[in-house]
């Protein structure tokens, strides 16, 4: 009888199964090593960032109000010193506490694939407990929960922490013909409990065809530098035409300016309630015959906080 060479089907199946098991073990091991390496970079970023933030305190007697969102440099700035560095795929998030005598620094993965970690002036690196809150219209954006207010209301924070705030003032109304300028946009504000009020003023109303003095508005806050700000626009007079293509005597009024904007990270305590006031858009200047200015867009207030 002739001897057979090679493997039987059963032997081949056994080999395939063994290779599959070994591959699965290797994949799990690699995934675990990769996760630990990512956590190590986050913790390293926090350790280095904490040291730089404390050096800022030594020179200035207070911790920074904010970190510049593009450069991770402290604000108010100190000649470009004490900038924080983060490893690629990590994001550093900062907020001061207790009138700038304490701080919280968070390292989060931009893709949201891992838990975040934080450090403060008097604590070691610890896993982050996410903020829980309610109010407005809930949603999400990447690794952040988002609550948007397009009308006034209350934002309730159950489990506190670092929250990004964006306050947008209402847009100014457009001007009309003759002596009918648009109205300024409304003021948007937030107030944390009985604490300070942060605000963004509305945009200026558009001037009428005769170019009455424009309204100039800018954002403001009761605590200097707590939030970044972008000035609201002013409405400027200018020659224009009506929707039917015909000139409006001296010209149609201009559009209203955009509302101001205040934004940045704040630390909010457990159980805090935030009163939200959303400014409306300014009404357009009135002129008969369907040639009134357009109303300005309403303001908004947006809160964002990490999911994990």
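General observations
- The distance separating the Cα centre of the stretch 138-205 from that of the stretch 72-115 comes to 25 Å.
- Averaged over residues, the count of other Cβ atoms within 10 Å places the peptides 58-68, 105-115, 162-172 in the sequence 162-172, 105-115, 58-68, highest first.
- Gained length - residue 87 relative to residue 43, 0.36 nm times residue gap less alpha-carbon distance: 14.8 nm
- Model label points for residue 269 and residue 35, set 7 angstrom from Cα along the Cα-to-Cβ axis, are 3.6 nm apart.
- Stretchable slack from residue 122 to residue 151, in nm (0.36 nm times residue separation minus alpha-carbon distance): 6.5 nm
- Gain in span if fully extended, residue 71 to residue 59, counting 0.36 nm per residue against the direct Cα distance: 2.3 nm
- Relative contact order (%) - criterion: Cα under 8 Å, at least six apart; region: the stretch 12-128: 21
Readers should treat all values here as calculations from the given coordinates under stated rules, not as data from a laboratory. These numbers come from a predicted model, not from an experiment. Virtual Cβ from ideal backbone geometry, glycine too; neighbours counted across all protein chains shown.
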